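Values quoted throughout were computed directly from the atomic coordinates according to the rules given, and no laboratory measurement underlies them. Being a predicted model, the structure only gives us computed values, none of them experimental. Positions of Cβ are generated from backbone atoms using ideal geometry, with glycine treated the same way; all protein chains shown enter the neighbour counts.
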Amino acid sequence: MGADLPTELRPAAESQCGIVTCSQIVNTGMTRGILTSRLRRGSWQRLHPGVYAAFSGEPGREALLWAAVLYAGTGAVLSHQTAAELWHLTDEASSLIHLTVPSSRRVKAVPGTVVHYSARIAAHPVQTPPRTRVEETVIDLWDTAPALDSAVGWVTRAIGRRLTTAERLQQSATGRSRVRCRSTLTELLDMDGVHSVLEYRYVRDVERPHRLPAATRQLRTRLGERTQYRDEVYEPYQTVVELDGRVAHPGDSRWADIRRDNAAATTGLVTLRYGWQHVTTTPCRVAAEIAEVLALRGYAGAKPCSAGCRVGRRSA
């Protein structure tokens, strides 16, 4: 920001990354003629109707977010993928800036923005630029996700990154009159310790339908000087199930897994490993293998989920 910034306008400009509105400018006594002059000589620039950058040069990301939310006006907040970016729910900036505006108003979306409307906007009281609370952000993304796995991913990532808790998300969902697939969301939030889409699929399609015992999830363990977490641990039966994501672990990670499994074996723990394809395409086969190992260690409660299920059949 240049030295030509009026003293009365400086606090607003500094708190908004150099972005100011027409009403803020006029309230300082600056005439439209002065504003026009600065725009012509390029020391200031117009970003949206009625919204200006009190500097030259390319605006940074935060300045662009401020420009969008100030353009949207009273009560507007950053939301959905853009709020997820600010809360570090995602590691990438959203290609479009998402805004939520009170449903009592109408705002024309400018290029690069998406406008949503809501009768109840739960904005964070302190964080700037204005944004929806992290729990509201997650439920918004759950409602608008293109597929169930994507929706589950937002929830598990928020919990896994310790940005919120299942209890807070449930409270947020309960406060809404309409939530897409509410029963599925409630089921997910009841799955204690589930931190990924693959873990959700494992509990939903492998563990519960086949009456396997409830595992302890994300169990913290020590290996030498290192703290590690095991995905699914059936402690009474000394059995561990590790779930590897869609992309196989490369090089060093694979050997680290092997070393961890070998070290666990010296304590009596047996480790079974499954990937995305195993859990999503052959859940009964996975359940049958786990049930057989658990049976050797004393568990007799596993049941087939259907007439053709492999659980209970001894492998050749």
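Each of ASP149 and THR221 was given a label point 7 Å from its Cα along the Cα-to-Cβ line. The distance between the two points is 2.8 nm.
Report the gain in length on full extension from GLU58 to ARG176: 0.36 nm times residue separation, minus Cα-Cα distance, nm rounded to one decimal.
38.5 nm
Report note on the peptides 98-106, 127-135: ranked by the mean count of other C-beta atoms within 10 Å, highest first, their order is 127-135, 98-106. Converting phi to 3J(HN,Hα) with the Karplus coefficients 6.51, -1.76 and 1.60 and the offset θ = phi - 60°, region 62-71 yields 5, 5, 5, 5, 4, 4, 5, 6, 5, 4 Hz in sequence order, with x at every glycine or proline.
The H on the amide N of LEU272, modeled in the peptide plane, is under 5 Å from the matching H of VAL240, VAL241, GLU242, each at least 5 residues off or on a different chain. Peptides 213-220, 66-73, 32-39, 191-198 ranked from most to least packed, by the mean per-residue count of other Cβ atoms within 10 Å: 66-73, 191-198, 213-220, 32-39. Taking Cα centre as origin and charging only the Cβ of basic (Lys, Arg, +1) and acidic (Asp, Glu, -1) residues, the dipole magnitude of the chain rounds to 580 debye. The magnitude of the dipole of region 126-233, with charges of +1 and -1 set on the Cβ of Lys/Arg and Asp/Glu and taken from the Cα centre, is near 180 debye.
Comparing ALA76, PRO209, ALA300 along the charge dipole axis of the chain, the residue lying farthest to the positive side is ALA76, per the Cβ-charge model. Relative protection proxy for 159-172, 297-310, from highest mean packing down: 159-172, 297-310 (other beta-carbon atoms within 10 angstrom). Could I have the simple spin-label model distance between ILE34 and GLU92, label points 7 Å from Cα toward Cβ, reported in nm to one decimal? Output for this residue pair reads 4.5 nm.
Sequentially through region 158-169, phi angles give Karplus couplings (6.51, -1.76, 1.60; θ = phi - 60°) of 4, 6, x, 8, 6, 8, 7, 10, 4, 5, 5, 5 Hz, Gly and Pro residues having no value and appearing as x. The residue among ILE139, ALA109, GLN171 whose Cα reaches farthest toward the positive pole of the charge dipole of region 104-174, with charges on the beta-carbon of Lys, Arg, Asp and Glu, is ALA109.
For region 119-169, the relative contact order works out to 28 percent when only alpha carbon pairs closer than 8 Å and six or more residues apart are counted. Label positions at THR128 and SER103, each projected 7 Å from the Cα along the C-beta direction, are separated by 3.0 nm. Taking 0.36 nm per residue of separation and subtracting the Cα-Cα distance, full extension of the segment from SER15 to THR186 would add 57.6 nm.
First select every other residue whose beta carbon is under 15 angstrom from the beta carbon of TRP87; then total the charges, Lys and Arg +1, Asp and Glu -1. That works out to 0. Computed from the C-beta positions of ARG41 and LYS303, the FRET efficiency with R₀ = 51 Å rounds to 0.05. Amide H contacts of ARG131: LEU78, HIS124, each under 5 Å away and 5 or more positions distant or on a separate chain (H built 1.01 Å from N in the peptide plane; Pro and chain starts excluded). Where the centre of each part is set by its Cα atoms, how far does region 1-56 sit from region 76-97, in angstrom? Rounded to whole Å, the Cα centres lie 26 Å apart. Take every Cα pair under 8 Å whose residues are at least 6 apart in sequence, average their separation, divide by the length of the chain, and the relative contact order is 9 percent. For ILE121, the amide hydrogen comes within under 5 Å of no other amide hydrogen, counting only partners 5 or more places away or on other chains and with H modelled in the peptide plane. Here the residues VAL293, VAL286, ranked from fewest to most Cβ neighbours within 10 Å of their Cβ, fall in the order VAL293, VAL286.
What number, rounded to the nearest 500 deg cm²/dmol, is the helix-based mean residue ellipticity at 222 nm of the chain, given -39500 (n - 2.57) per DSSP H run of at least four residues and division by all its residues?
Calculated at 222 nm, the ellipticity per residue is -11000 deg cm²/dmol.
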